[in-house]
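Below is one structure, written out as structure tokens; comments come after it.
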Amino acid sequence: MRGGCLLSGFLLAALAGPLAAQINADGAPNDLRVVYRAALDNNHRYQAALDEYRATAEAKPQALARLLPRLSLEGQYNRIRRSIDGNFYGVQDVERDDIYNRYAYGASLLQPIYRRELLLGLDRAELEVSRARLRLTAARHDLMVRSAEAYFGMLSAQDDLTLIRAEKAAIERQYEQTQGRFDSGLIAETDLQAVEAQRDSVLAEEIAAENTVEIAQTRLELLTGRSIERIAALPEDANLPPMENENLQSWLARADQHNLDLLAATVGLRLAELDTTIARSARLPTLDLVGSHLYFDADDGVTGEREDEDSRIGLMLTIPLYEGGMISSRVRQAQARAESQAHTTDGARSNARLATRTAFLNARSAHSRANALVRAVDSARSAEASAQVAFEVGSRTAADYLGAVRARFSAERDLSRARYNYLLGLLRLREAAGVVTVTDLENLNRTLQ
């Protein structure tokens with residue numbers, strides 16, 4: 001096989017610094033690790049997930065802020081015109097007009113002492129951040145798989161094009177020989193036409209393969225945000241890594257414990273249950289420490305010039321009595337959402353097990369198919385050699401020989417694709433089980449060249 005790469009693993013975001021994200025500028029081919037690091041820095045979907053995590057992480061300081069004192073300053077200025085004609089606070093026959101200034105400023109303090117919903121809100125914020133962290137990790141895993149798919153897709157397209165061009169060269173050589181034999185009157189025109197048909201067919205395949213290479217390169221560049229000309233390949237003699245564990249139940253147990261979508265759904269269930277408790281806490285009393293200081297100054301008016309200053313500190317107890325059924329309605333609403341989330345969590349568990357089972361079966365099948373295709377390639381090469389001998393002694397036509405040649409190249413292309421599919425299958429299996437690690441990438445990436 002003329003190109004390839006190996007299974008990648010999960011790369012921690014801490015490794016994706018600015019220098020790590022640079023595409024090799026020294027002419028050396030870029031390996032899968034470099035491509036993944038570049039995608040971490042430049043992929044729009046992952047960057048959106050990262051920004052979403054940063055936004056959600058602010059829920060914790062906001063929840064803590066609701067438990068801390070709230071201090072505010074207030075100030076007010078008024079230009080007042082007042083006319084009084086008649087009795088004024090027990091004074092008879094008051095008649096006067098005043099225009100004066102009034103100033104007031106002060107400060108107020110509120111410190112929650114007991115608010116059950118605020119204490120629970122802090123727990124809720126921690127759960128929200130935990131779920132956001134799981135979703136960000138899932139986004140990294142998804143980016144790793146998409147990086148591998150784009151990388152292997154590029155290598156597979158290059159392999160196809162290389163093999164098709166080699167096949168075209170073989171057919172061109174045979175066409176020249178057949179043309180010479182036809183010109184000498186040694187073969188019929190139908191034999192020449194059969195070879196021409198094979199040549200035309202491979203030319204069409206070459207055009208399609210060139211287009212596939214361009215599309216694969218575009219996909220890789222869009223994923224990384226960089227121009228990538230050369231990527232490291234898998235040596236032809238490299239051995240495929242075996243499946244880590246061929247016990248399906250073991251993989252399903254891993255998925256039950258580590259699948260990220262399932263873990264996020266489980267945290268979501270805890271959040272929904274906590275929301276029910278928060279809704280019930282609205283029935284509880286609240287106690288706050290309240291304080292204020294007010295200064296008042298009027299330079300004229302019916303009461304004359306005066307200054308007032310007032311400072312207070314105290315406790316405020318609030319006991320909910322009746323809110324028109326709002327609290328009970330919110331409790332029922334939260335309970336219904338908790339039940340809905342419980343069903344969602346059960347669905348996530350089923351999906352995790354299904355994805356893991358499917359990935360396991362696909363990986364195992366791909367491994368068996370790749371091994372079978374190795375034997376198929378050997379058989380196709382033997383069949384090609386036999387067909388060539390038969391053609392040279394005149395017992396087979398040129399079309400028969402080219403059929404064997406094309407069968408051999410087809411088997412080699414199938415083997416190339418099968419190896420990539422197996423490596424991707426291993427990666428998808430580990431993603432489904434939630435156990436992808438950086439070690440997978442580092443160890444297997446060393447075999448690329």
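The values are calculated or read from the model by the stated rules, or taken from the named source; none is laboratory data. Just so we're clear, the structure is a prediction, and the values are computed from it rather than from any experiment. Reconstructed Cβ throughout: ideal geometry from the backbone, glycine too, with neighbour counts over all protein chains shown. Heads up: the accessible areas ignore ligands, DNA and RNA and are worked out on the full protein's heavy atoms, side chains in. Shrake-Rupley method; radii C 1.70, N 1.55, O 1.52, S 1.80 Å.
Return the only residue of L321, L274 being at pLDDT below 95 and among the aliphatic types (A, V, I, L, M).
After applying the criteria, what remains is L321.
Can you tell me which residue among R270, R280 is open to solvent by 70 Å² or more (accessible area, probe 1.4 Å), under 32 Å from the mean Cα position of the chain (by Cα) and in contact (Cβ under 8 Å) with a residue 24 or more places away in the chain?
None of the other options fit; the residue is R270.
Starting from region 324-349, keep only residues that are open to solvent by 70 Å² or more (accessible area, probe 1.4 Å), then list their pairs with residues that are among the small types (G, A, S) and in a loop (DSSP other than H, G, I, E, B) whose Cβ atoms are within a distance under 8 Å, requiring at least 6 positions of separation or different chains.
So the pair list comes out as R330/A282.
Out of curiosity, is E206 within 30 Å of A398 (Cβ to Cβ), out of contact with any Ser or Thr (no Cβ under 9 Å at 6 or more places or on another chain), open to solvent by 60 Å² or more (accessible area, probe 1.4 Å) and part of a helix (DSSP H, G or I)?
no
On the basis of being surrounded by fewer than 20 Cβ atoms within 10 Å (Cβ to Cβ) and modelled with pLDDT under 95, does T437 make the cut?
yes
Name the pairs: first residue in region 234-247 and closer than 15 Å to N445 by Cβ and assigned to a loop (DSSP other than H, G, I, E, B), second residue open to solvent by 100 Å² or more (accessible area, probe 1.4 Å) and of a type in the set (V, I, T), Cβ to Cβ under 6 Å, at least 6 apart or on different chains?
none
Out of L315, L284, L294, I need the residue that is assigned to a loop (DSSP other than H, G, I, E, B) and within 30 Å of L71 (Cβ to Cβ). Which one?
L284
Consider R226 against the criteria (1) in a helix (DSSP H, G or I); (2) within 30 Å of N42 (Cβ to Cβ); (3) of a type in the set (D, E, K, R): it satisfies all of them except one. Which criterion is unmet?
For R226, the exception is condition (1).
Quick test for you: out of N247, N259, pick the one residue that is open to solvent by less than 20 Å² (accessible area, probe 1.4 Å) and of a type in the set (S, T, N, Q).
N259 is the lone residue from the list that is open to solvent by less than 20 Å² (accessible area, probe 1.4 Å) and of a type in the set (S, T, N, Q).
Between residues in region 389-411 that are among the charged types (D, E, K, R) and residues that are open to solvent by 30 Å² or more (accessible area, probe 1.4 Å), which pairs lie under 6 Å by C-beta distance while being six or more apart or on different chains?
Pairs found: R408/R381.
So which helices (runs of 4 or more DSSP H) stay within region 20-123 end to end and still have 3 or more residues that are at pLDDT 95 or above and either surrounded by 12 or more Cβ atoms within 10 Å (Cβ to Cβ) or of a type outside the set (S, T, N, Q) (or both)?
Where helices (runs of 4 or more DSSP H) fall fully within region 20-123 and carry at least 3 residues being at pLDDT 95 or above and either surrounded by 12 or more Cβ atoms within 10 Å (Cβ to Cβ) or of a type outside the set (S, T, N, Q) (or both), they are 44-57, 59-65.
From the list S184, S250, which residue is more than 27 Å from the chain's Cα centre (by Cα) and hydroxyl-bearing (S, T, Y)?
Exactly one residue qualifies, and that residue is S184.
Limited to region 212-230, what total is found for residues that are within 30 Å of H367 (Cβ to Cβ) and either open to solvent by 20 Å² or more (accessible area, probe 1.4 Å) or of a type outside the set (A, V, I, L, M, F, W, C) (or both)?
Residues flagged as within 30 Å of H367 (Cβ to Cβ) and either open to solvent by 20 Å² or more (accessible area, probe 1.4 Å) or of a type outside the set (A, V, I, L, M, F, W, C) (or both) within region 212-230 amount to 7.
Assuming E167 fulfils every condition listed in (1) under 30 Å from the mean Cα position of the chain (by Cα); (2) open to solvent by less than 20 Å² (accessible area, probe 1.4 Å) apart from one, which condition is it?
(1)
Every residue, every condition in (1) buried (at least 19 other Cβ atoms within 10 Å of the Cβ); (2) at pLDDT 95 or above; (3) part of a helix (DSSP H, G or I), yes or no:
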| position | (1), (2), (3) |
| --- | --- |
| R357 | no, yes, yes |
| V389 | no, no, yes |
| V405 | yes, no, yes |
| A418 | yes, no, yes |
| L426 | yes, no, yes |
| L441 | yes, no, yes |
| L444 | yes, no, yes |
